[in-house]
Amino acid sequence: MADPAHPDPSPATGSRADDPAPTAPDGTADSTDIVDIVDISYSPCPNDTFVFHAWTHGLVPGAEPPRVRFADIDVTNGMARRGEGRVLKVSYAVLPHVLDTYALLPCGGALGRGCGPLLLGREAVRPGEQGTALTGRTVAVPSELSTAYLLFRLWAARWVPEGPGNVVVMPFHEIMPAVRDGRVDAGLVIHEARFTYREYGLHQLVDLGEFWEGTTGHPIPLGAIIARRDLGAERLRALSETIRTSVRMAWENPSASHAHVMEHAQEMDPSVADRHIALYVNEFTADLGEDGYAAVRELLGRAASEGLVPPLPPAALEPPFGD
């Protein structure tokens, strides 16, 4: 999600934003500890700041804090497409475009049940009439490479065959006001909007998570953590363990990250931030596991069969360190 206060690189407390990344004589990353050379870009949303709090604040034993950039998902998706940054939180939908350069890490991301994107409008629509209501209309989305938009396109291929009239990209925090004010006809939202959209006088048109789970039985892949493959298998393994430890430390002492989470939560009510974390930080955040990987393969496989993303090579999603 967007944070207008942090459009450019902005280190979290304890990060070393001014330190250059060490390099070997051949220009590749030095073989020092992975956390000494890594930069990471992710959103200021509560689930991300909660997950990475321990690492970014130097609390993970043996792991120096990384350099941190807070950025909207559309920004990090674009960074990944351009090969910018060593570690990024991106939409799962962008993976087919970047996995030649980046590897999917098995932890730190957002994937779950009952947490899918919502399509919102100003007026309620009777069940079964959503497709008609959206035909030829303008829909705001947070990123054309977002998983939310990919799920919308999979749903629309079935229910809005003539398609919406126009799709516009805007920062997440602008979407609900734009729908409320009539600047767009519908908006695609994620995260805490599940809890707050009624405050804008809006109505849920489609729960795309329900569509996905009801169609496939899989949990919903939303945000992925990726890291450059040229960091090497050993350092990618160490990085994954650092992130997994940060997740577990967040669970063990949730109050430790509270001030940091709220600092970046854009004046969000603390109770909403807590519900946000509870919904999006789950067992898949600590480890994707077989169910998580199966969900990602299903999403990208279906999207490829519809011609929405390039097909993936068979081993493209495999853990980057061989197990």
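A Cβ distance below 8 Å, combined with a sequence gap of six or more or placement on separate chains, defines the contacts here; from the range 286-298, residues that are more than 26 Å from Ala54 (Cα to Cα) reach residues that are part of a helix (DSSP H, G or I) and open to solvent by 10 Å² or more (accessible area, probe 1.4 Å) in the pairs Asp291/Phe284; Ala295/Thr216; Glu298/Thr216.
Only a single criterion out of (1) in contact (Cβ under 8 Å) with a residue 60 or more places away in the chain; (2) under 30 Å from Gly289 (Cα atoms) is not satisfied by Thr215, namely (1). For the range 274-315, which residues satisfy the criterion of being among the small types (Gly, Ala, Ser), under 14 Å from Ala93 (Cα atoms) and assigned to a loop (DSSP other than H, G, I, E, B)? Matches in the range 274-315: Gly307 only.
Taking the criterion of being open to solvent by less than 30 Å² (accessible area, probe 1.4 Å) and either of a type in the set (A, V, I, L, M, F, W, C) or assigned to a helix (DSSP H, G or I) (or both), the residues of the range 150-169 that qualify are Leu150, Leu151, Phe152, Leu154, Trp155, Ala156, Val160. A residue that is modelled with pLDDT under 95 and open to solvent by less than 20 Å² (accessible area, probe 1.4 Å) occurs nowhere in the range 176-184.
Taken over the range 206-222, the residue count meeting the criterion of being out of contact with any Phe, Trp or Tyr (no Cβ under 7 Å at 6 or more places or on another chain) and crowded, with 24+ Cβ neighbours inside 10 Å is 1.
With respect to being surrounded by fewer than 23 Cβ atoms within 10 Å (Cβ to Cβ) and within 25 Å of Leu154 (Cα to Cα), Gly62 falls outside the description. Taking the conditions exactly as written (surrounded by fewer than 19 Cβ atoms within 10 Å (Cβ to Cβ), within 21 Å of Val309 (Cβ to Cβ), in contact (Cβ under 8 Å) with a residue 24 or more places away in the chain and among the polar types (S, T, N, Q)), does Thr101 satisfy them or not? In short, yes. Of all the residues in the range 70-120, those that are assigned to a strand (DSSP E or B) and of a type in the set (Val, Ile, Thr) number 2. Within the range 252-262, the residues that satisfy the criterion of being part of a helix (DSSP H, G or I) and either surrounded by fewer than 13 Cβ atoms within 10 Å (Cβ to Cβ) or polar (S, T, N, Q) (or both) are Glu252, Ser255, Ser257, Ala259.
Can you go through Ser271, Ser246 and tell me which one is assigned to a helix (DSSP H, G or I) and over 19 Å from the mean Cα position of the chain (by Cα)? Before the answer, list the steps.
Values: Ser246 fails: over 19 Å from the mean Cα position of the chain (by Cα).
Within the list Ser271, Ser246, the selection yields Ser271.
The numbered conditions (1) modelled with pLDDT of 95 or more; (2) open to solvent by less than 10 Å² (accessible area, probe 1.4 Å); (3) of a type outside the set (Phe, Trp, Tyr) are all true for Leu231 except (1).
Among residues of the range 123-145 that are within 21 Å of Arg198 (Cβ to Cβ) and among the β-branched types (Val, Ile, Thr), those with a Cβ under 7 angstrom from a residue that is open to solvent by less than 30 Å² (accessible area, probe 1.4 Å) and in a loop (DSSP other than H, G, I, E, B), sequence gap 6+ or separate chain, pair up as Val139/Val184. Only residues that are surrounded by fewer than 20 Cβ atoms within 10 Å (Cβ to Cβ) and touching a residue at least 60 places away in the same chain (Cβ under 8 Å) were counted across the range 84-98, and they come to 2. When restricted to residues that are open to solvent by 60 Å² or more (accessible area, probe 1.4 Å) and of a type in the set (A, V, I, L, M), the range 269-298 contains 1.
The values are calculated or read from the model by the stated rules, or taken from the named source; none is laboratory data. These numbers were taken from a predicted model, which means no experiment stands behind them. Note that each Cβ is placed from the backbone with ideal geometry, even for glycine, and that neighbours are counted across all protein chains shown. In case anyone asks, the SASA skips ligands and DNA or RNA and just uses the protein heavy atoms, side chains included. Shrake-Rupley method; radii C 1.70, N 1.55, O 1.52, S 1.80 Å.
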